[in-house]
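Structure first, commentary second.
The values are calculated or read from the model by the stated rules, or taken from the named source; none is laboratory data. Everything numeric here is computed off the predicted structure, so don't read it as measured data. Cβ atoms come from the backbone with ideal geometry, glycine included; neighbour counts cover every protein chain shown. Keep in mind that these areas ignore ligands, DNA and RNA; they rest on the heavy atoms of the full protein, side chains included. Shrake-Rupley method; radii C 1.70, N 1.55, O 1.52, S 1.80 Å.
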Amino acid sequence: MESSAKSSINRISASKLRLVANEIKGYSLPEAIDVLKQLPQKGARIVLKTLNSAGANAKYSNPDIIEESLFIKKIAVDQGPVLKRFHARARGRASRIKKRTSSITIILSDEN
């Protein structure tokens, strides 16, 4: 049985989130939660929140499931919409600031 959770328009770039997501790929649910709690990056808190949501979704769809048997089957981090802003520069010019966002998809499974 599979369960998933998605988190979209997170205010952090996808490349920073991928560094955290690659750390927990293939881990079981309790191990991944322990690893994410130890990481100092901002992205670890965002991935942890989404991972907890995926675990709760699995528990809701099948109340008899054992959390230790769940593992991360797939974790995908994609780029989201970009907020474009301008920053004032010298001589009346402007330069563009890109505030990047990202989305996370986590799929948990209990099958090998």
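Here are some notes:
- Estimated inter-spin distance, T101 and K84, nm [label 7 Å along Cα→Cβ]: 1.6 nm
- Ligands, DNA and RNA left out, the 1.4 Å accessible surface of the chain is 48% carbon and sulfur atoms.
- 5 angstrom amide H check on Y27, placed H, neighbours 5+ away: I72
- FRET efficiency for R93 and K37, using Cβ-Cβ distance with R0 set to 41 Å, rounded to 0.05: 0.35
- Backbone phi angles across region 56-68, fed through the Karplus curve with coefficients 6.51, -1.76 and 1.60 (θ = phi - 60°), yield HN-Hα couplings of 5, 5, 5, 5, 6, 6, 9, x, 8, 6, 9, 5, 5 Hz in residue order; Gly and Pro are listed as x.
- Only Lys, Arg, Asp and Glu carry charge here, each on its Cβ (+1 for the first two, -1 for the last two); on that basis the chain has a dipole of about 1720 debye about its Cα centre.
- Remark: region 18-77 carries 61 Å² of accessible area per residue (probe radius 1.4 Å; ligands, DNA and RNA excluded).
- Within the straight-line cut-off of under 23 Å between alpha carbons, the lysines reachable from K6 are K16, K25, K37, K42, K49, K59, K73, K74, K99, sequence neighbours fewer than 8 places apart in one chain being disregarded.
- Put simply, the C-alpha atoms of region 31-112 give a gyration tensor, and the ellipsoid matching it has half-axes of 39, 13, 9 Å, longest first.
- Hz values of 3J(HN,Hα) by residue in region 24-34 - Karplus curve (6.51, -1.76, 1.60), Gly and Pro given as x: 10, 4, x, 6, 6, 4, x, 5, 5, 5, 5
- Centre separation in Å (Cα based) which lies between region 10-84 and region 97-112: 7 Å
- When you filter the trypsin sites (Lys or Arg not before Pro) in region 27-82 for DSSP loop state and at most 15 other Cβ atoms inside 10 Å of their Cβ, nothing is left.
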